[in-house]
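Worksheet: the structure to be examined is printed underneath.
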Amino acid sequence: MSSMRCVRFLPLKWLCGIYAICVPFIVSENPCKITQDKADCSHMKLSEIPSDLPRDIKALDLSHNQLKKIPTANLSIYNQLEELDVGYNTLHLFEPELCDSLTTLKRLNLQHNEFTKISEKYFLSCKNLNDLRLNYNGINAINGNPFENLENLSVLDMSHNKLTSTFLGDRPQMPNLKELLLFSNKIIELKEEAATFLQNTSLQKLDLSSNPIKVINQNYFRGLRSLHTLIMVDMQLGSSLVEQLCTALEDKGIQVLLLINVQMSGINNTTFKGLAATNLTSLDISKNSISHIDNDSFVYLPNLQNLTLDYNQVLLLSPYSFHGLSELKTLSLKRFFSTSKVYKIEDLSFQWLKNLEYLNVDGNRNLDLTEKTFTGLNSLKNLSMVECSINLDTITNKTFSSLSMSPLLEINLTKAGIAKLEYGSFLALGRLQRLDLGLNRIDQDLDGNEFIGLHQIQLIYLSYNNRLTLTRNSFSFVPSLQRLNLRKIKLTFREPNLSPFHGLQNLTLLDLSNNNIANLEENIFEGLSSLRILNLQHNNLARLWKNANPGGPVLFLKGLHNLEIMNLLSNGFDEIPAAAFQGLSKLRILDLGENNVYLLPKSLFDDQPSFYQLNLHKNLITSVEKELYQNVFSNIKILDMGGNPFDCTCESIAWFANWVNTTNASIPGLDTQYICNTPSNYHGVSLKHFDNSPCKDAAPFKKCFIFTFTFTVAFILVVFMIEFQGWRIQFYWNVSVNRILGFREIDPRGENFRYDAYIVHAKEDENWVENNLIILEDDEACGLKFFFEDRDMESGKPQLEAIVNSIRSSRKIIFVITHYFLNDPWCKRFKIHHAVQQAIEQSRDSIILIFLEDIPDYKLNHSIHLRKGMFTTRCILTWPAQNDRVNAFHQNLKIALGSSNLVT
């Protein structure tokens, strides 16, 4: 308060001075997102450029704002800026001085603004710029040479403007330009003079797509010796203009040509003649409604490696359609043939494709395959025939016989209309590794002969077929199999007692889901020692794990010691035997969701201490016990137990509620799916909001109950003892009272003691007393004398009387406390009682405790009714574990023996 009174009376000029000093240090919160060396100020409706950003930022995003200009003065303070994005604003002017201030600027994005003209002055100083985006600006013409000084520019995007010509300058410029994007403009003619500015460039990619080009000058590409990729997509060129284009590309370095949807109606033997002297390696002419391919049409493309002819309307494929494509590696004929008319593939149509590795004929209906259809494909490794209905619904040993010389590794026959596999269907495909037969109409018993000859097969996909019945030999000819998918095929087992999977020692994945399987034998997975993933979701296995099942629960998972992922989702389980997952020590992901489980055995997860993911969602679990889940949750990373009717009481959920609020594990749906069902006061409340403080308050009542129960039982036992042994107790009591009261009272202040200490110890500790206490009598400087029963007990006197006299004659009493001492009936019943009684009667601080073991205070109190708090610190000694501390112990003992007996 005093300091505030002083400030109140400061002169006005002083206050002004303080304000002037402090204001520069008041920093308002900047709305931009600062991450490392980038500032993101996009989507903030800014009309001015912020001036309080870090000075060393290298990237600034000002897109999607309301900027009308770019003030050089505002940006000059960020002199390390390399990237500037001011797209999606309303800019229509550009200050040429900007690049003078931002000498390190390399990337400038001006897309989606209002630049209709580009001045020659705009980029005079932007010599370090290598990426410039001017797309979506409505630019209709380029006057002069605005890009002449951009010597380092490699990417220029002028797409989605209103340019009517490719003209960007009247003299050569941009020597390092690699990529020029001019698509979606209004370019009608490719004139020779419009490409003058590109003569000295190293242009590699040119995109002229979506332009209404009608005329192509034969000299347009003359100076583009480095042109690698030409993209002309979604245009109305027609077959004639395409031929002109190919002629214009003669003697160029073109390697990739995209002519997608350019209205070609056919390919004749002169279409690509102009490309004969090029090194074209990739050609895409898909979506062109091509109806015919003349013989020898591709002889001018000897270096072509990738050819795409998707989505056309070809009626005939002859033996010379692909003549000349000896180097072709990839051929895509997806929906290549006509869908409205009958088409034909003549034998030996692929005979010239000696080096073809990938062939795609997806989506071609009613393929008429013969024994010579694929002849000549001696290098084919991958064949895709998805949605390619074959003329025969049965695969025989002749269907793919024309591929017997091919090193085919993968064949995809998904949705091919296949209904049956005959003996040796794939006999010619000895090197095949992946076979996909999913989503067909196969309906048969698999005897194993269907897969004979597949010596190197690794994956067989048979999911989503009509019906399959497995026999014990279904996969006996494919021991190399690693992945087997049998999902949703109405799977049955002809011989339930014999496993159809025996011999598949290399199998790592088995999918039997969605088959409504209700019966499995214990040996069903016998021999699958390498299995890592097992999918059994959406079946009907609940009966197998019921205790009431005839013969007890069926432990069908035994032997799968390497299993890591198992899916048992939606099987109707309401009981799970304690040994269900026994031996599955490597199991990391388990899905038991959408079952009817409400109680899990406490030892269920004893063999799975390192779960990564556990899914128990949408079951009937009400209680999450610490004893069952604590070890499982210790290392878990993902837990899903949502959708269960949790009982939000202290006994059922308190531990779990505390765990979910403190764990680092991922718990999907924690806020919405973990809802209390009972009791009524918590119904509909999120588990996160469960208040477990009353549970902590209830803990003492539990201890109180245990104590009360123990006390009640002890009281009953004492009553019974008094009832049946009361006379004996009364006898000893009278003897003790007479003995004690028969001695005269001693005044501790004037009494001379015969002994320095009386040692009370258990029989088992006698050697320790002799070796560590009695030896102190040999020290003449101390002059100590102890009463040691085995040595100093007077003969001829009753033992009780001798002990009493000896304690009275001793200045101190030493208790040597061990667990033997606490259990010694003689010490507990008489010696301790008499020593304590004498100390109380005489008001003496005479008892010394020596602990040879770590005895908790509650045990000390329970056994001899003493606590450490009853004694002074100097009278409580602990025998050291280290030998070098024994002398210190003896010194402390001497101090304790020499202390006063008077109670202070």
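Please treat every number below as a calculation from the coordinates, not as lab data. Just so we're clear, the structure is a prediction, and the values are computed from it rather than from any experiment. Glycine gets a Cβ as well: all are built from the backbone with ideal geometry, and neighbour counts include every protein chain shown.
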Name the residues whose placed amide hydrogens come within less than 5 Å of the amide hydrogen of Arg472, ignoring near sequence neighbours (fewer than 5 apart) on the same chain. Glu495
Distance between Cα centroids, the range 268-333 to the range 335-374: provide it in whole Å. 14
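If I take R0 = 22 Å and measure r between the Cβ atoms of Asn549 and Thr492 in this structure, what FRET efficiency does the formula 1/(1 + (r/R0)^6) give, to the nearest 0.05?
Values: r = 20 Å, r/R0 = 0.92.
So, using R0 = 22 Å, E works out to roughly 0.65.
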Computed over the chain: longest principal axis from alpha-carbon atoms vs helix 238-248 long axis, angle to nearest 10 degrees, is 90
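If r is the Cβ-Cβ distance from Glu193 to Arg441 and R0 is 51 Å, what FRET efficiency results, to the nearest 0.05? Write down the numbers at each step before the final one.
On the way: r = 63 Å, r/R0 = 1.24.
Approximately 0.20, to the nearest 0.05.
For the range 352-413, take the convex hull of the Cα atoms, compute a quarter of its surface area, and give me that in nm², please. It would help to have the intermediate numbers written out before the result.
Working: hull surface 15.0 nm².
The number I arrive at for the range 352-413 is 3.8 nm².
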Once each part is reduced to its C-alpha centroid, what is the distance from the range 549-569 to the range 164-231 in angstrom? 67
Could you check the spin-label model distance between Lys637 and Asn466? Points 7 Å from the Cα along Cα→Cβ, value in nm. 4.4
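Below 14 angstrom from the Cβ of Asn473, what's the summed charge of the other residues (Lys, Arg +1; Asp, Glu -1)?
Numbers: positive: Arg472, Arg494; negative: Asp445, Asp447, Glu450, Glu495.
Overall, the nearby charge balance is -2.
Any idea what the relative contact order of the chain is, in percent, if you count C-alpha pairs under 8 Å spaced at least 6 apart? Intermediate results must be reported in sequence, preceding the final value.
Details: 2142 pairs, mean separation 26.3, N = 904.
In percent, rounded to a whole number, it is 3.
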Counting only the backbone N, which residues of the range 609-639 are under 18 Å from the spot 7 Å out from the Cα of Asn681 toward its beta-carbon? none
Structure-derived Rg/Rh (Cα atoms, Kirkwood Rh): which label, when the choices are [x] 1.22; [y] 1.16; [z] 0.98: [x]
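Just subtract the alpha-carbon distance of Thr394 and Asn303 from 0.36 nm times their residue separation and send over the number in nm, one decimal. Please report the intermediate quantities before stating the final value.
Details: separation 91, 0.36 × 91 = 32.76 nm, distance 3.85 nm.
Length gained between Thr394 and Asn303: 28.9 nm.
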Given a cut-off of under 8 Å on Cα pairs at least six residues apart, what relative contact order in percent is computed for the range 228-356? 20
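Tell me, Arg365, Arg487 in order of fewest to most beta-carbon neighbours within 10 Å? Walk me through the numbers before you get to the answer.
On the way: Arg365 14, Arg487 19.
Result, fewest neighbours first: Arg365, Arg487.
Report the local net charge at Trp659: Lys and Arg +1, Asp and Glu -1, summed over other residues whose C-beta lies under 13 Å from its C-beta. The partial results should precede the final answer.
Working: positive: Lys626, Lys688; negative: Glu625.
That works out to +1.
What ranking of Thr271, Thr873, Thr247 emerges when the number of other C-beta atoms within 10 Å of each C-beta is taken as an exposure proxy, fewest first?
Numbers: Thr271 22, Thr873 8, Thr247 15.
The fewest-first ordering by Cβ neighbours comes to Thr873, Thr247, Thr271.
May I ask you to derive the FRET efficiency for Asn217 and Gln505 from their Cβ-Cβ distance with R0 = 60 Å, giving the value to the nearest 0.05? The partial results should precede the final answer.
Working: r = 68 Å, r/R0 = 1.14.
According to the calculation, E is roughly 0.30.
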For a paramagnetic label modelled at 7 Å from the Cα of Lys68 toward its Cβ, which residues of the range 75-94 fall within the zone defined by backbone nitrogen distances under 20 Å? 75, 86-94
Which distance in nm do the two modelled labels at Lys38 and Glu651 give, with both placed 7 Å along the Cα-to-Cβ direction? 5.7
Helix 886-898 versus the longest principal axis of the chain: what angle, 0 to 90°, nearest 10, using Cα atoms? 40
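Arranged by the count of other C-beta atoms within 10 angstrom, fewest first, what order do Lys490, Lys106 take?
So the residues, fewest neighbours to most, are Lys490, Lys106.
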Report, by chain and number, residues whose modeled amide H sits under 5 Å from the one on Lys812, excluding near sequence neighbours (fewer than 5 apart, same chain). Ala757, Tyr758
Counting pairwise Cα distances across the range 754-898, what percent come out greater than 23 angstrom? 31
For the range 633-649, in order, what is each residue's ³J(HN,Hα) by Karplus, 6.51 cos²θ - 1.76 cosθ + 1.60 with θ = phi - 60°, in whole Hz (x at glycine and Pro)? 7, 5, 10, 5, 10, 9, 10, 10, 10, x, x, 9, x, 5, 8, 7, 10
Karplus-derived HN-Hα couplings along the range 201-216 (A = 6.51, B = -1.76, C = 1.60, θ = phi - 60°), whole Hz, x at Gly and Pro: 7, 10, 4, 10, 10, 10, 10, 10, 4, 6, 10, x, 5, 10, 10, 10
Below 17 Å, Cα to Cα, which lysines can Lys68 reach? Residues fewer than 8 away in the same chain don't count. Lys45, Lys117
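Starting from the range 492-583, pick out the trypsin sites (Lys or Arg not before Pro) whose DSSP state is loop and whose Cβ has at most 16 other Cβ atoms within 10 Å.
Details: sites: Arg494, Arg532, Arg543, Lys546, Lys558; in loops: Arg494, Arg532, Lys546, Lys558.
Listed in order of number, the matching sites are Arg494, Lys546.
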Full extension between Thr116 and Asp857 adds, at 0.36 nm per residue less the Cα distance, a length in nm of 257.5 nm
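Tell me, what is the percent relative contact order of the range 45-151, built from C-alpha pairs under 8 Å that lie six or more residues apart?
Values: 240 pairs, mean separation 23.5, N = 107.
Value for the range 45-151: 22 percent.
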Taking 0.36 nm per residue of separation between Asp56 and Ile77 and subtracting their Cα-Cα distance, the length gained on full extension comes to 6.7 nm
Per-residue HN-Hα couplings for the range 802-814, Karplus 6.51 cos²θ - 1.76 cosθ + 1.60 at θ = phi - 60°, whole Hz, x for Gly and Pro? 5, 5, 4, 5, 5, 5, 5, 8, 10, 6, 10, 10, 9
Restricting to lysines and to Cα separations under 16 Å from Lys490, and discarding same-chain partners fewer than 8 apart, the set is Lys420
